[in-house]
1. May I ask for the angle, rounded to the nearest 10°, between helix 126-140 and the longest principal axis of the chain, with both axes built from Cα atoms and the value confined to 0 to 90°?
2. Let me check I've understood the local charge: for I166, count other residues with C-beta under 14 angstrom from its C-beta, Lys and Arg +1, Asp and Glu -1. What total comes out?
3. Pick from P186, P51, P117: which residue has the top mean-square fluctuation in a GNM of the chain where Cα pairs under 10 Å get a spring?
4. Specify the inter-centroid distance of the range 131-200 and the range 43-92, based on alpha-carbon positions, in whole Å.
5. Can you compute the FRET efficiency between E237 and D53 using 1/(1 + (r/R0)^6), with r the Cβ-Cβ distance and R0 = 45 Å? Round to the nearest 0.05.
6. Of K169/K192; K169/K199; K179/K199; K6/K169; K133/K217; K179/K241, which pairs sit farther than 24 Å apart, going by alpha carbon to alpha carbon?
7. So if each residue of separation counts as 0.36 nm, and I subtract the Cα-Cα distance between L84 and A190, what length gain in nm does that give?
8. Please give, to one decimal in nm, the separation of the simple spin-label points placed at L114 and D44, each 7 Å out from Cα toward the Cβ.
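No value in this document is a laboratory result; all are computed from the given coordinates. As the structure is a prediction and not an experimental result, all values here were calculated from the model. In this analysis, Cβ positions are derived from the backbone assuming ideal geometry, glycine residues included, and neighbour counts consider all displayed protein chains.
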Amino acid sequence: GKFLLKGAMLFAVWDAIPHRPSRDLDLLGFGSTELLDIETSFRDIVQTPVPPDGLVFDPESVLAEPIREVHAYGGVRVRLIGWLGKAEVPVQIDIGSGDAVTPDAEGIHFPVLLDHPAPWIRAYPIYTVVAEKVEAATVLKEVNSRMKDFYDLWFLAGRFEFDGTILRKAIEATFARRKTPLPHPPEPFAEKLVHDPAKQTQWAGFLRRNRLPGEMKTFPAIVEDISRFVGPVLRTEVSRKRWYPVRGWED
């Protein structure tokens, strides 16, 4: 296939508990990055025959444009319109390219809402998702306002087991591909980030906008949990160890 699923949509595959809402679909693309080629691919995709579910996409609405946001790693944004009866459904798809995927991509069945066959697609492994979020935190440091990355890292560490050796390889591969030096000292977050009042405000706003539970931890507590998960990996202390939610790293 030309694309791998990445981003927040993967959480629907990994966990039955609803995750935070997401406005767009994130993909890793292979092959041509020319805008016209990508538009052609998506016009073909939205015209693929599927069991009728009431949602119809307009192939003529497909538009591809470069992503120019600050702190973005480039890529292409595709916009298109779907219709559910008379309701217009705008769709945004962000496509990156050239990222390291460690270990290999996985084949998954994406959950469906109706009684139709679940589509089989290729997707990021959970290790690469963690690696990219750690890399973003390292690059952005104190200016990091991506509260969703902190939430996602905390969420993953609290629900899934990880092989320490594989996670270290995934982090090394992502940092190398993006030409980002591993942090020295090998800690994921600076002390002043943790206690920055602006971050407390951003965290509270993130929880409110995404309607996440009011009993969620404070920002410093979330960062402490993530550091307990990621810190030993950056310090190369997890060879042959396994991460267990609640218990932490164990031999």
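1. 70
2. Numbers: positive: R168, K169, R240, K241, R242; negative: D104, E106, E161, D163, E172.
Overall, the nearby charge balance is 0.
3. Highest fluctuation of the listed residues: P51.
4. For the range 131-200 versus the range 43-92, the Cα centre distance is 30 Å.
5. Plugging the Cβ-Cβ distance into 1/(1 + (r/R0)^6) gives 0.40.
6. Where the Cα-Cα span goes over 24 Å, the pairs concerned are K169/K192; K169/K199; K179/K199; K179/K241.
7. Numbers: separation 106, 0.36 × 106 = 38.16 nm, distance 4.65 nm.
In short, 33.5 nm is gained.
8. For L114 paired with D44, the spin-label model returns 2.5 nm.
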